[in-house]
Amino acid sequence: MNKPFFQACIFDLDGVLVNTAHYHFLSWQQITNRWKVTFTEQDNESLKGLSREDSLSRLLHITGKQLTPAEREQTLIEKNELFRQYLTQMTPDDVLPGVTACLRFLKENHIRLAVASSSKNARMVLQKTELTPWFDVIVDGTEIEKAKPDPEVFLKAAARLNIQPHQAIVFEDAKAGVEAALAGGFCCVGVGQADILQQAHLIIPDFASISPSDLWISLSGLSADVKY
């Protein structure tokens, strides 16, 4: 393979490497059912890429529910407990199709790999799905002060990889994540719906829809062409 211009790939976790969106939905739905308000899977899509605190703020806006500061804090704790209960059920089968082949290909071609996630449960998810050994660096929500679209999580991952942002490619499935990557000076690949991720430099539906070698060609050309 030709030597690429990029030296590392930084991956968001939820929706990019593993499928946890439905578990988030089920957790929030248990709470909104108790509130006796409607919360749909389509509503849940608007929470993608947001921290737990920002997700609750968006949820309250969607449903019109009002909470005191103490009730907000208790709701955040309850949501995390519900979500972690679902996470205990996770297995390597929850890794999205094509992901492992992509990670293997990148490693074989001497690309360093990192996870940069706003989730405070990222390490647990990686452990349950047996993805941890693939990554040189993991940065999660317990290590950052500002959630996406702030680029802090990606910048920390790049610093720990000892590279500059323009030397890495970020993979994201959320609008807020794409905005964070661009704000940090990274090249960004959107994974998912083109209409939501249109700001990304490249968009792929998922890792199963493109072979690792074709993705490599696209990434190599992309990192050479993008102007920072």
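The values are calculated or read from the model by the stated rules, or taken from the named source; none is laboratory data. Fair warning: this is a prediction, and the values are worked out from it, not measured in the lab. No Cβ is skipped: glycine too gets one built from the backbone with ideal geometry, and neighbour counts run over all protein chains shown. What goes into the accessible areas is simple: the full protein's heavy atoms, side chains included, and nothing from ligands, DNA or RNA. Shrake-Rupley method; radii C 1.70, N 1.55, O 1.52, S 1.80 Å.
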Practice item. Output the residues belonging to region 1-44 that are free of Cβ contacts under 8 Å to residues at least 24 places away in the same chain and buried (at least 16 other Cβ atoms within 10 Å of the Cβ). Key: Phe25, Gln29, Asp43, Asn44
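Residues checked against (1) among the basic types (Lys, Arg); (2) within 21 Å of Asn19 (Cα to Cα); (3) open to solvent by 10 Å² or more (accessible area, probe 1.4 Å); (4) more than 13 Å from the chain's Cα centre (by Cα):
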{"site": "Leu161", "(1), (2), (3), (4)": "no, no, no, yes"}
{"site": "Lys175", "(1), (2), (3), (4)": "yes, yes, yes, no"}
{"site": "Cys187", "(1), (2), (3), (4)": "no, no, no, yes"}
{"site": "Ala194", "(1), (2), (3), (4)": "no, yes, yes, yes"}
Exercise for review: Inspect region 64-73 for any residue being in contact with a helix residue (DSSP H, G or I) (Cβ under 6 Å, 6 or more places away or on another chain), more than 23 Å from Ala168 (Cα to Cα) and open to solvent by 50 Å² or more (accessible area, probe 1.4 Å) and give the result as yes or no.
Suggested key: yes
Practice item. Scan region 152-167 and give yes if some residue there is in contact with a Lys or Arg (Cβ under 7 Å, 6 or more places away or on another chain), free of Cβ contacts under 8 Å to residues at least 40 places away in the same chain and farther than 21 Å from Arg104 by Cα, otherwise no. Key: yes
Review point. Which of the residues belonging to region 74-89 are open to solvent by less than 50 Å² (accessible area, probe 1.4 Å), at pLDDT 95 or above and aliphatic (A, V, I, L, M)?
Key: Leu76, Leu82
Check your understanding: Phe105: under 25 Å from Pro133 (Cβ atoms) and of a type in the set (Phe, Trp, Tyr), yes or no?
Key -> yes
Exercise for review: Mind listing whichever residues of region 4-54 are among the acidic types (Asp, Glu) and over 24 Å from Arg112 (Cα atoms)?
Suggested key: Glu41, Asp43, Glu45, Glu53, Asp54
**Study point:** Candidate set from region 98-133 (those that are touching an Asp or Glu at 6+ places or on another chain (Cβ under 7 Å) and open to solvent by 60 Å² or more (accessible area, probe 1.4 Å)); member that is farthest from Val153 (Cα to Cα)
**Key:** Arg112
Review point. Which residue pairs have Cβ atoms closer than 7 Å, lie 6 or more positions apart in sequence or on different chains, and pair a first residue in region 76-105 that is under 13 Å from Ala208 (Cβ atoms) with a second residue that is open to solvent by 20 Å² or more (accessible area, probe 1.4 Å) and modelled with pLDDT of 95 or more?
Key: Leu96/Asp206; Pro97/Asp206; Pro97/Ala208; Gly98/Asp206; Gly98/Ala208; Ala101/Pro212; Cys102/Pro212
Point to revise | Hits in region 134-152 (condition: at pLDDT 95 or above, surrounded by fewer than 20 Cβ atoms within 10 Å (Cβ to Cβ) and among the acidic types (Asp, Glu)) | key: Asp136, Glu143, Asp150, Glu152
Check your understanding: In the set Glu145, Glu172, Glu152, which member is in contact with a helix residue (DSSP H, G or I) (Cβ under 6 Å, 6 or more places away or on another chain) and among the acidic types (Asp, Glu)?
Key -> Glu172
